[in-house]
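The values are calculated or read from the model by the stated rules, or taken from the named source; none is laboratory data. Treat the numbers as computed from the prediction; the structure is a model and nothing was measured. Please note: Cβ atoms are built from the backbone with ideal geometry, for glycine as well, and neighbour counts cover all protein chains shown. All accessible areas refer to the heavy atoms of the entire protein, side chains included, with ligands and DNA or RNA removed. Shrake-Rupley method; radii C 1.70, N 1.55, O 1.52, S 1.80 Å.
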Amino acid sequence: MYLSLTIAFLSIVSFPQFASSTWNTNEYMKRENSLIRPFHGSGSSLNNWELRGSAFASDTFIRLTPDARSMQGGLWNRHPCYSRNWEMEVHFKVFGSGKDLFGDGFAIWYVRDPSTCPGGAHCSVFGSNDYFVGLGVILDTYNNYNGVHNHEHPYISAMVNNGTLHYDHDRDGTHTQVAGCSAKFRGREHDTYVKIKYADDTVTVYTDVENRRAWSQCLTAPGIILPTGYYFGITAATGDLTDTHEIYSVRVYDLDSPDQDPAVNKERANVLPSASFFEAPRDHVDDPKPSMMSGFKKLFLILVGVIVVCGAIFIGGIFYVKQNEHSRKRLY
Ligand SMILES: [Ca+2]
C-alpha cells in the first residue's frame, strides 16, 4: 500500500516534466476513453469505467489482482472508441513476492464485447474471454511452454481475432500472434509504461520499462483491419502463480486527421477484425535424426580411413620393392 502510494505520488510529481518533452501529447486526448488520477469513485465503481472481479480502485491506483491465487480482474471502458486511428498509453506495474515463479500477466483489449469475466464462459485469457473479437495485447509474465521459445519472458504479443481463434497458453499464444517482443516490465522499481498505436492499419506497440522516459518499439504489425466502435479494457489473472497487477493511468488519443471524411469512419464500423499476416508458428520442425546422421558420418570416416591406410601400405610396398631392387643392383 505504502509503496503504491509513494509510486503514485512520484509519478504525479514527475510525469508532466517528461510528458511534454519526449512523449507524444500533441493529439487530442479522448477523456471518455481515458482514466487519470485521482480516480473519482471508489471500490468497485468509476466514472466511464467498469470494474470486474477482483479489480479494486483507490484514489491513486486500480488493482486488477492482488498477489493471491486464482484471481481475475477487469477494467472496462463504457464508451466505444469511434476514432479510426488512435493511441493508448497505459501506466502500470506488475510486482509480487515470487522470486522465480510468478504470473500470469495482464492484457490490454480493443474488442467488440467488454468482458463480463470472471462471470461467463471462456474466461481463460488473462481475465478475459477466449475467442474474442478484436485486438489483444498480452503482457505475459509466465513461460508456460515446455520447449524452448526463441525469446525470453516476460513477453508481449499482439493477437487479432475474429472470434474463431483460441489463445493457447501452452504455447504462450505464439501460434496466433501477429508479432511479439520480450520486455522486462515486471518487478521494476521505476514506472513502467506501454503504448499501443493503431494508425494506417498498422498496430505498433512501444514500451518504456527501462526508466528512460522514451518509447522503444516492441512490435509492429501492418495489414491489421480493426473496426471503429469497439471497447478498451485491461484485465489480469493469477492462477497457481500470483502477482499484483496495477494500473495508474490510461490515456487514449485521437489520431484521425481533422479533415478526415466522417463517412469513412462510419463505413469502418462494420468490418470484421483481420490480419493479413500471422507469424509462422514458433514451434517447429522435428529434430533431424541424429543417430542416422552420425551413422553415415562414421561409415564415411571409416571408409576414408581404410582408403588412406590401404593407399599408404600400397605406396610403402612399392617404395620397399624399389629400394630392394636398387640395393640388389648395387651389390651385383
Ligand atoms: Ca504464459
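Structure notes:
- When every residue of segment 180-202 is checked against the conditions, none turns out to be in contact (Cβ under 8 Å) with a residue 60 or more places away in the chain, surrounded by fewer than 19 Cβ atoms within 10 Å (Cβ to Cβ), more than 27 Å from residue 55 (Cα to Cα) and within 16 Å of the ligand (Cβ to nearest atom).
- Residues of segment 210-255 classified as β-branched (Val, Ile, Thr) and either open to solvent by 30 Å² or more (accessible area, probe 1.4 Å) or free of Cβ contacts under 8 Å to residues at least 12 places away in the same chain (or both), total: 2
- When residues in segment 174-217 are screened for being in a loop (DSSP other than H, G, I, E, B) and among the basic types (Lys, Arg), 4 of them pass.
- Tally of residues being open to solvent by less than 40 Å² (accessible area, probe 1.4 Å) and either under 29 Å from residue 127 (Cα atoms) or not assigned by TED's automatic domain parsing to the domain that holds residue 164 (or both) across segment 256-277: 3
- Boolean, residue 53 is closer than 27 Å to residue 172 by Cβ and either open to solvent by less than 10 Å² (accessible area, probe 1.4 Å) or over 23 Å from the mean Cα position of the chain (by Cα) (or both): yes
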